[in-house]
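For reference, the structure is listed below as structure tokens.
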Amino acid sequence: LGIYDEGNFSFSNAWTYLVIINNMSQLFAMYCLLLFYKVLKEELSPIQPVGKFLCVKLVVFVSFCIRGNGKL
């Protein structure tokens, strides 16, 4: 059908819209994670969650970058 042309940023194919939706959902997830941390900062302080949160987000970000253009 030719409607999914991966790697081609053109608004005439579905891949561009899926990338935009994926980016928006990742931004929303990061926002929710920040809100979660802000609300529970005192309760989470014994386990020092910032490094753990950043590690998980880094894995998601790197996998998205690699899938997007094949390299970092």
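Read the figures in this text as sums done on the coordinates, not as results from a lab. Being a predicted model, the structure only gives us computed values, none of them experimental.
As a test of the formula, what do you get for the chain when each DSSP H run with n ≥ 4 contributes -39,500 (n - 2.57) and the sum is divided by the residue count, at 222 nm and rounded to the nearest 500 deg cm²/dmol? Working shown, then result.
Details: 3 runs with 50 residues, N = 72.
Mean residue ellipticity at 222 nm (helix-derived): -23000 deg cm²/dmol.
Based on the Kirkwood radius over alpha-carbon pairs, what is the Stokes-Einstein translational diffusion coefficient of the chain at 37 °C with 0.692 mPa s viscosity, in µm²/s?
Estimated via Stokes-Einstein, D reaches 229 µm²/s.
Give, in nm to one decimal, the length gained when the segment between GLU6 and SER45 is fully stretched (0.36 nm per residue of separation minus the Cα-Cα distance).
Length difference between fully extended and current span is 9.8 nm.
Which whole-Hz couplings ³J(HN,Hα) result when phi for each residue of segment 51-64 is put into the Karplus expression 6.51 cos²θ - 1.76 cosθ + 1.60, θ = phi - 60°, listed in order with x for Gly and Pro?
Working through the residues one at a time gives x, 5, 4, 5, 5, 5, 5, 5, 4, 5, 5, 5, 5, 5 Hz.
Taking the 0 to 90 degree range and rounding to the nearest ten, how far is the long axis of helix 14-39 tilted relative to the main principal axis of the chain, both from C-alpha atoms?
10 degrees
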